[in-house]
Amino acid sequence: MGSDATRQDSLTLRGPLATFVAHPPASLAGCDSLATQYAAPFWRAPYRRCASILVDSGHQVTELDADTIVIQVVTEWRVPGQTRNARFAALETALRKQYGDGFRCSPRRTVWLTTDSLRISLDLQPDYGTDVGPFPADDSVSWRLQRFMRRGPLLDLLWCDAARRQLGA
């Protein structure tokens, strides 16, 4: 019992995604338990999801396994329409420097797959607030800039045909 309490009091995030967690939780007390089960488990249950608000108009959700290995980091920012392309380009450039060119799925989505099963999706979408047009000018609305990073299986909806064709993934 003492070792579990000590482990929660001195929480250290591990794994290659740990450096992308903007605000690491001080303990697991503020994290939600997940009932996630993987067909081919990469990690050790139980899993936890920790959320935090970022100072630059964003939020981050981190998934951890029982050994505090960071499995997934989803960071989303709200960016003004006028700066959306520059913000996307800056994040894309930083990821390219670290992980190589990746695959351009569309002008607003790039994905990466690394040799250690790290999959990344960088995506930019307008936030019109409705699915029904007419839509306002792109510069007049905020945009959702999302960086989705995961070790292990990545949801198919975050992948793209360009990567599938080249990798057979």
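The values are calculated or read from the model by the stated rules, or taken from the named source; none is laboratory data. If you're wondering where the values come from, they're calculated on a predicted model, not measured in any experiment. FYI the Cβ positions are ideal-geometry reconstructions off the backbone, even for glycines, and counts take in every protein chain you see. Surface areas here come from the heavy atoms of the whole protein model, side chains and all, with no ligands, DNA or RNA. Shrake-Rupley method; radii C 1.70, N 1.55, O 1.52, S 1.80 Å.
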Fully extended contour minus Cα-Cα distance, from ASP56 to PHE20, at 0.36 nm per residue: 11.5 nm
If Rh is defined by the Kirkwood formula over all Cα pairs and Rg also comes from Cα, what ratio Rg/Rh do you get for segment 43-140? 1.03
With no solvent and one equal point scatterer per Cα, compute the Debye intensity ratio I(q)/I(0) for segment 56-106 at 0.18, 0.27, 0.29 Å⁻¹ and report its log10, rounded to two decimals. -0.80, -1.08, -1.09
Accessible surface of segment 16-83 [probe 1.4 Å, protein heavy atoms]: carbon and sulfur percent: 58
Using the Cα centre as the reference, give the magnitude of the dipole from point charges on the C-beta atoms of segment 38-92 (Lys, Arg: +1; Asp, Glu: -1; all else neutral), rounded to the nearest 20 debye. 140
Inter-probe distance in nm under a simple model that places probes 7 Å from Cα toward Cβ, at GLU76 and SER33: 2.6
